[in-house]
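The values are calculated or read from the model by the stated rules, or taken from the named source; none is laboratory data. What you are looking at is a predicted structure, and each value in this text was computed from that prediction instead of being measured. All Cβ positions, even for glycine, are placed from backbone atoms using ideal geometry, and neighbour counts span all protein chains on display.
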Amino acid sequence: MKKKDILSSLFWLATGFGVCYGGYDLELGTLRDPGSGFMFFWVGVIMTGLSLAVLVKAIRMKPDQKGVGLLRGEVRWAKILSVLAALVLYAYVFTYLGFILSTVLLLLFLFKAVEPQKWSWAVMGAVISTLTAYGVFQLWLGSQLPRGFLG
Amino acid sequence: MDLLNYLGIGFSVALQPVNLFYCFVGVFIGTLIGVLPGIGPVGAMSLLLPTTFKSTPEAAIIMLAGIYYGAMYGGSTTSILVNIPGEAASVVTCLDGYQMARQGRAGPALGIAAFGSFIAGTLSILGLMLLAPPLSRIAIQFGPPEYFTLMVLGLTILIYLAHGSMPKALIMAALGIVLGLIGLDSINARPRFTFERLELIDGVGLVPIVMGLFGISEVLVNLEQVIRRDIFETKIKGLLPSVKDWRESLGAMTRGSLLGFFLGILPGGGAVISSFISYAIEKRVSKHPEKFGKGAIEGVAGPEAANNAATGGAFIPLLTLGIPPNVVMAMLLGAFMIHGVQPGPLMMKQNPGIFWGVIASMYIGNIMLLVLNLPLIGMWVQVLKVPYKILFPLILLFCLIGVYSVSNAVFDIYIMILFGIVGYLMKKFDYEGAPLVLAFVLGPLMENNLRKSLIMSQGDFSIFFTRPLAAASLIIALFLLVSPIIPYLRKKREEIPKEEVT
């Protein structure tokens with residue numbers, strides 16, 4: 001808890017400073033006519049003050065027990081990172097490959113690589129889910145899903 | 001008489017086939033996500049928001065509202081059968097509901113939960129119908145200082161009721177306000193915090209943020225561990241409660257309904273708090289409190305009535321003031337705005353069809369839920385058995401299409417992934433998402449009203465203290481903010497059951 005709070009409060013402290021600076025840069029205006037940066041600046045000030053409060057409280061805390069930490073324990077990091085990487089890659093190729101192809105590939109990866117299942121089920125699940133989603137969103141609701149290089 | 005006329009307008013809107021269809025879809029999906037742990041009403045509403053773009057505003061709101069109160073119904077099913085609350089508001093139902101199921105009384109437990117929810121839901125709609133018009137008339141006289149301070153108060157109550165540290169919840173609210181203000185300045189059209197990205201000129205969308213914080217991050221958290229759900233295998237028979245069950249539950253239902261409705265009006269976690277308080281009251285007034293925790297039917301009927309009545313109460317500040325009291329209502333406000341409708345005191349006059357249509361649809365939705373919940377319980381139990389490894393790719397797929405359909409922009413998918421990571425880290429570092437989302441929605445409104453108030457008063461802050469309502473709101477907010485410093489009040493705050501929004 002102590003380490004977590006110190007780390008997070010330092011992050012918010014930096015963010016708070018950034019917001020204050022951004023607000024100041026946008027012009028504060030006057031009290032009679034507040035400018036574009038007025039609210040940003042004061043919210044940034046509040047954020048900075050609160051981060052300091054969390055930081056001071058964390059510094060005063062007893063040290064964390066051994067084995068307690070963010071990156072320890074039985075967290076399946078590989079799975080989380082692979083899902084995130086797959087989502088970013090999906091967004092990257094989405095318009096180029098088109099909705100159907102990119103979605104089938106993504107679902108295949110999620111069904112097969114992240115939580116392994118039989119190939120037959122993974123392929124069937126990926127294709128049926130994609131086509132159902134296409135039917136509902138593109139054909140029924142009229143969304144403009146990208147067709148990609150094949151379209 | 002006017003009320004009956006308006007209700008007539010409402011039913012003529014709600015009974016249109018297309019609106020009936022949307023109402024059905026809403027309550028059905030609401031029950032489904034209430035049953036499924038891991039995705040809550042906020043996530044589901046943001047997922048389905050894009051599907052309403054082609055519909056009329058009334059159909060959209062009818063469906064989204066249906067998801068909200070449907071989820072409250074569905075949440076009780078898992079509490080009773082699996083001892084896992086589908087929603088935070090159904091946590092207390094586990095205590096006696098699951099015990100009843102273990103004693104072979106799953107049927108009456110599910111039955112009384114459904115009837116209790118129905119009766120409370122209907123009573124709260126009656127309350128909403130009676131209270132909303134006079135409140136709207138009063139709210140017309142509010143000016144920017146009242147609106148600004150009421151929003152400050154709403155946000156403060158939500159923060160006060162947040163899990164854990166208040167400074168952390170306040171930081172989240174501050175972040176939400178900053179994110180909400182990104183884009184063009186509404187007064188002088190100057191771009192703010194857009195980092196010269198064209199996509200940010202209109203601001204960051206509510207949907208990518210909510211889907212990231214509540215959809216993607218939830219999947220990531222669930223992927224961390226292997227989820228195992230043990231379903232209590234029991235034959236469910238005799239859903240209709242006996243005369244004795246009814247006799248024991250009626251008082252609990254009535255008390256729960258009243259409590260839930262009035263607590264629901266207040267910002268924060270009305271549904272959760274009212275269900276806990278209702279349980280405590282029932283235990284206290286009961287002639288045999290020793291039965292509580294061992295399968296007392298009042299322990300199911302009271303809290304279930306309370307959490308459903310709270311959903312009706314929560315509509316009051318949104319529909320009459322335009323101020324959402326919780327994250328679910330913030331989502332609804334977002335939906336109203338996307339459809340070009342501004343909730344608030346003038347809504348009843350300007351859009352009577354939507355206002356009364358939504359209210360009337362809730363009567364119909366409650367009947368649909370009763371019909372849905374009783375015979376379909378077997379199906380919901382089957383749904384519970386769907387393994388997470390099949391569920392999570394589908395949730396991700398829905399998030400991706402949903403977020404893309406809103407704006408046809410891949411940029412929004414990146415924003416959603418970013419907030420998925422932010423939401424995941426927030427959970428790891430013990431920060432809560434609810435204050436962020438509510439502040440995100442309220443941020444622009446707060447800024448606007450603050451600037452208008454200062455222009456009105458020529459820079460004099462006393463405008464917030466000389467007007468009675470504004471002053472009262474600020475004093476209460478200030479009291480809540482400083483209360484954790486006083487040890488006695490801090491202890492009281494820690495005793496309050498907290499809302500968990502997913």
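Per-structure values
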read-out	value
Boolean, B:A169 is assigned to a loop (DSSP other than H, G, I, E, B) and buried (at least 21 other Cβ atoms within 10 Å of the Cβ)	no
Residue count for the stretch B:86-96, restricted to those that are buried (at least 24 other Cβ atoms within 10 Å of the Cβ) and within 17 Å of B:L384 (Cα to Cα)	3
Residue list for the stretch A:8-37, filter: within 10 Å of chain B (Cβ to nearest Cβ) and either among the basic types (K, R) or touching a Phe, Trp or Tyr at 6+ places or on another chain (Cβ under 7 Å) (or both)	A:S8, A:V19, A:G22, A:G23, A:L26, A:G29, A:R32, A:G37
Condition broken by B:L184, with the remaining ones in (1) more than 14 Å from chain A (Cβ to nearest Cβ); (2) over 24 Å from the mean Cα position of the chain (by Cα) satisfied	(1)
Enumeration of residues in the stretch B:1-36 that are farther than 22 Å from B:V383 by Cα and outside any helix (DSSP H, G or I)	B:M1, B:L15, B:Q16
Conditions (1) free of Cβ contacts under 8 Å to residues at least 24 places away in the same chain; (2) closer than 18 Å to B:M63 by Cβ; (3) within 10 Å of another protein chain (Cβ to nearest Cβ): number failed by B:F398	(1)
Some residue of the stretch B:35-45 being touching a Cys at 6+ places or on another chain (Cβ under 8 Å), at pLDDT below 80, more than 22 Å from B:L250 (Cβ to Cβ) and not hydrophobic (A, V, I, L, M, F, W, C)	no
Identity of the residue in the stretch A:37-66, assigned to a helix (DSSP H, G or I) and basic (K, R), that ends up surrounded by the most Cβ atoms within 10 Å (Cβ to Cβ)	A:K57
Test: residue in the stretch B:183-198 that is assigned to a helix (DSSP H, G or I), touching a residue at least 24 places away in the same chain (Cβ under 8 Å) and not acidic (D, E)	no
The listed residue being without any contact (Cβ under 8 Å) to a residue 40 or more places away in the chain and either among the acidic types (D, E) or crowded, with 22+ Cβ neighbours inside 10 Å (or both), out of B:P267, B:P317, B:P343	B:P343
Residue match in the stretch B:13-31 (condition: surrounded by fewer than 24 Cβ atoms within 10 Å (Cβ to Cβ), at pLDDT below 80, over 18 Å from B:A335 (Cβ atoms) and away from chain A (no Cβ under 14 Å))	no
Counted residues, the stretch A:86-98 - those being more than 10 Å from every other protein chain (Cβ to nearest Cβ), among the small types (G, A, S) and either free of Cβ contacts under 8 Å to residues at least 24 places away in the same chain or surrounded by fewer than 16 Cβ atoms within 10 Å (Cβ to Cβ) (or both)	0
Filter result for B:L153 (under 22 Å from the mean Cα position of the chain (by Cα), in a helix (DSSP H, G or I) and at pLDDT 85 or above)	yes
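For (1) surrounded by fewer than 24 Cβ atoms within 10 Å (Cβ to Cβ); (2) among the polar types (S, T, N, Q), each residue gets a yes or a no:
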position	(1), (2)
B:R247	yes, no
B:L250	yes, no
B:S257	no, yes
B:A271	no, no
B:S274	no, yes
B:K283	yes, no
B:A296	no, no
B:P303	no, no
